[in-house]
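Reviewing the structure listed below.
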Amino acid sequence: MIGLKRGTVKLFNHEKEWEIEAQRTISRLNKILGSVASDIQHVGSTSVFTIKAKPIIDIAVAVDNFKDVLALEKEFINYGFYYRPNANLKGQLLFACGSYYDGTGDLQTHFIHIVLKDSMEWINYINFRDYLNKMPKVAKAYENLKLSLVETIHSDKCREEYLRRKNDFIVYTLRKALVNYYLGKTVEIKIDRPIGSSHPKYSDLIYPVNYGYIPGVLGGDGEELDVYLLGIDNPVKNYIARIIGIIHRHNDIEDKLVAAPEGINFTKTEIKKILHFQEQYYKSDIEIIPPYKFISKKVINKGWSGDKKYCVITDDGIKYLLRITPKEKSANRENMFRIQKQLASLDVSMCKPVELGKCKEGIYILQTWIDGKDAEEIIPHLTNSEQYYYGLEAGKMLKIIHSIPAPKNHPDWEFRFNAKMDSKIKMYNECHIKFDGAKDMISYMNSNRHLLANRPQTFQHGDYHIGNMMIEKNKIVIIDFDRYDFGDPWEEFNRIVFCVQISPMFASGIINGYFDNKVPFKFWKLLALYISSNTLSSIPWAIKFGESEVNTMLNQAKNIMNWYNNMQNPIPTWYRDIVIK
């Protein structure tokens, strides 16, 4: 059944015919409007599948401007749609269908609501429909309200009274639907009360978080929708963040959104504690994005870090890497996550960060799963040119990684590394295990300390070598950023020792790829300094792991002395100056 006598209110069980007729109507409107309409949707109660409704089809049409629509009024009439200029509906044009409008009867069958694209009117139509379809209990409450109104209202103006009395429910539901719509979405936030500012009415209330709003989106109080921004420790003016939670206030006319940098989550308990400064005055509940559900969790026993690692599969079949860092070692994980996000945006081929949060065991990070093989297992079996090519790619990626500068006022590199060298020389001198050539190595270090002056500082992966790389679909992928640091970008090459052991061609490729085949001589001198420093400390470091590891480090020290001809030539013998274009 489609249509209802004007001025009457009757509700019918949902019928499939309503959706079919809605699609027919949308097709007719597309023929009339063409490119004038940016979107056309079935809305209203007949679009909610679980409730009774009046058998009148509501359609919402989004357009750029009303002028283009009114210019097509004759075409609307030809298809049986009549413009209702006196409908008194704010922010929209109304067209209607039915025998009442063409003068042949008293039926109303369709209402066409034409609104501006991205307007609150359009958002409300879509949100109300989607929210009721998503929340069956709310939809049932709406149905019960309408049924009770139908039973209690008996007058000539029953339809107008019916609409008026259900308006409170609609306004409240739209408020809930609006905040629910933004949950999980990324938005731009305008901050009008930054960290450290005071409340405009209550000067003793100081904001410990940034607080602002989504421009152009109105909340339940008629003002722009408010947002708490968590996870940022300094005052900001604007920020693009993801909505991770909703504060549902029961004794206020508006709800609040909670946002955080992309991928960073907070638990309900954490949100409640952080926002207690203001939310203590309201009765509220907190809703957050549902956590990932794992249907499979397999332990990964690889790597030197103290993190627990798992291969997990979510209930939607997606595989991830889950890393859990113990609480006592988790201080820098949030900052690492942010930088990984930045690197991923720069198209670094890497294990990409998805989500960060807290759990009972510490801090967890969920990352994309690399469905590949360890580079150190694949590279040795390739041709020389293939090994070199993968090295080039790894070098180019390292250059991008080093494009992120160190924080302002970061401690001076010359001072820091000189102190580090002093410490490593002391460690070696106090160690009972020695290797041939150590004195030459220490002499080289001391005579080249001047090279540390005025070195730039950038973000460092912290452990950049073939053991922290994988090959997926013929492409190098970088993993394990947990030792990240800030310092001289060239110092990052000190781990190239491990690459040389697997493939000198790959190691040569990394350097040539980084410098675009134009390697400065100063780099070689500094690299010899950095490798010497690491080599000295590797001997006392290895003792706690046993004789086998000590012998490995001693053999490595011997090889390094051979590379550098007992520290007489800073360009190592394994280096290949090959150019592949």
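The values are calculated or read from the model by the stated rules, or taken from the named source; none is laboratory data. These numbers come from a predicted model, not from an experiment. We place every Cβ from the backbone using ideal geometry, glycine too, and count neighbours over all the protein chains shown. Note: areas computed on protein heavy atoms with side chains; ligands, DNA, RNA excluded. Shrake-Rupley method; radii C 1.70, N 1.55, O 1.52, S 1.80 Å.
Could you run through the stretch 466-494 and say how many residues are more than 21 Å from F415 (Cα to Cα), open to solvent by less than 10 Å² (accessible area, probe 1.4 Å), at pLDDT 95 or above and not in a helix (DSSP H, G or I)?
Counting residues in the stretch 466-494 that are more than 21 Å from F415 (Cα to Cα), open to solvent by less than 10 Å² (accessible area, probe 1.4 Å), at pLDDT 95 or above and not in a helix (DSSP H, G or I) gives 4.
Answer yes or no: is there a residue in the stretch 536-546 that is modelled with pLDDT under 95, under 27 Å from K399 (Cβ atoms) and not hydroxyl-bearing (S, T, Y).
Scanning the stretch 536-546 turns up no residue that is modelled with pLDDT under 95, under 27 Å from K399 (Cβ atoms) and not hydroxyl-bearing (S, T, Y).
Looking only at the stretch 352-371, which residues are within 14 Å of the chain's Cα centre (by Cα) and either open to solvent by less than 60 Å² (accessible area, probe 1.4 Å) or farther than 21 Å from G231 by Cβ (or both)?
P353, V354, E355, L356, G357, I365, L366, Q367, T368, listed by residue number.
Within the stretch 299-327, can you find the residues that are in a strand (DSSP E or B), farther than 24 Å from R483 by Cα and open to solvent by 60 Å² or more (accessible area, probe 1.4 Å)?
Result: K319, single match.
For Y428, only one of the following conditions fails: (1) outside any loop (DSSP other than H, G, I, E, B); (2) open to solvent by 20 Å² or more (accessible area, probe 1.4 Å). What is its number?
Single failed check for Y428: (2).
Take the residues in the stretch 223-242 that are assigned to a strand (DSSP E or B) and open to solvent by less than 10 Å² (accessible area, probe 1.4 Å), then tell me which one is farthest from S345 (Cα to Cα).
So, considering only residues that are assigned to a strand (DSSP E or B) and open to solvent by less than 10 Å² (accessible area, probe 1.4 Å), the one farthest from S345 (Cα to Cα) is L225.
Do you know which residues across the stretch 332-351 are assigned to a loop (DSSP other than H, G, I, E, B), modelled with pLDDT of 90 or more and either among the polar types (S, T, N, Q) or buried (at least 17 other Cβ atoms within 10 Å of the Cβ) (or both)?
Passing the criteria: V348, S349, C351.
If you take the residues of the stretch 287-298 that are in a strand (DSSP E or B) and of a type in the set (K, R), which of them is most open to solvent (accessible area, probe 1.4 Å)?
The qualifying residue most open to solvent (accessible area, probe 1.4 Å) is K298.
State which residue pairs qualify: first residue in a helix (DSSP H, G or I) and inside the stretch 555-566, second residue surrounded by fewer than 13 Cβ atoms within 10 Å (Cβ to Cβ) in any location, beta carbons under 8 Å apart, and separation of 6 or more residues or different chains.
From the stretch 555-566, the pairs are K558/D436; M561/D436; N562/T573; W563/T573.
Among the residues of the stretch 74-113, count how many are in contact with an Asp or Glu (Cβ under 6 Å, 6 or more places away or on another chain) and not hydroxyl-bearing (S, T, Y).
Residues that pass the stated criteria total 3.
How many residues, within the stretch 541-556, are open to solvent by less than 30 Å² (accessible area, probe 1.4 Å) and touching a helix residue (DSSP H, G or I) at 6+ places or on another chain (Cβ under 9 Å)?
4
For Y389, work out the one condition from (1) in contact with a Phe, Trp or Tyr (Cβ under 6 Å, 6 or more places away or on another chain); (2) surrounded by fewer than 20 Cβ atoms within 10 Å (Cβ to Cβ) it doesn't fulfil.
Failing condition for Y389: (1).
Which one is surrounded by the fewest Cβ atoms within 10 Å (Cβ to Cβ) among residues in the stretch 249-279 that are β-branched (V, I, T) and under 15 Å from T186 (Cα atoms)?
Step by step, filter the stretch 249-279, then rank; the result is I264.
Only one residue in K518, K473, K525 is of a type in the set (D, E, K, R) and in contact with a Gly (Cβ under 8 Å, 6 or more places away or on another chain). Which one?
K473
Given the conditions (1) touching a residue at least 60 places away in the same chain (Cβ under 8 Å); (2) open to solvent by 20 Å² or more (accessible area, probe 1.4 Å); (3) of a type outside the set (S, T, Y); (4) not in a loop (DSSP other than H, G, I, E, B), report the number of the one that G245 does not fulfil.
G245 satisfies every listed condition except (2).
Return a yes/no flag: does the stretch 441-449 have any residue that is surrounded by fewer than 19 Cβ atoms within 10 Å (Cβ to Cβ) and under 30 Å from G263 (Cβ atoms).
No.
Could you figure out which of (1) charged (D, E, K, R); (2) open to solvent by 30 Å² or more (accessible area, probe 1.4 Å); (3) not in a helix (DSSP H, G or I) isn't true of D463?
With respect to (1) charged (D, E, K, R); (2) open to solvent by 30 Å² or more (accessible area, probe 1.4 Å); (3) not in a helix (DSSP H, G or I), D463 is out only on (2).
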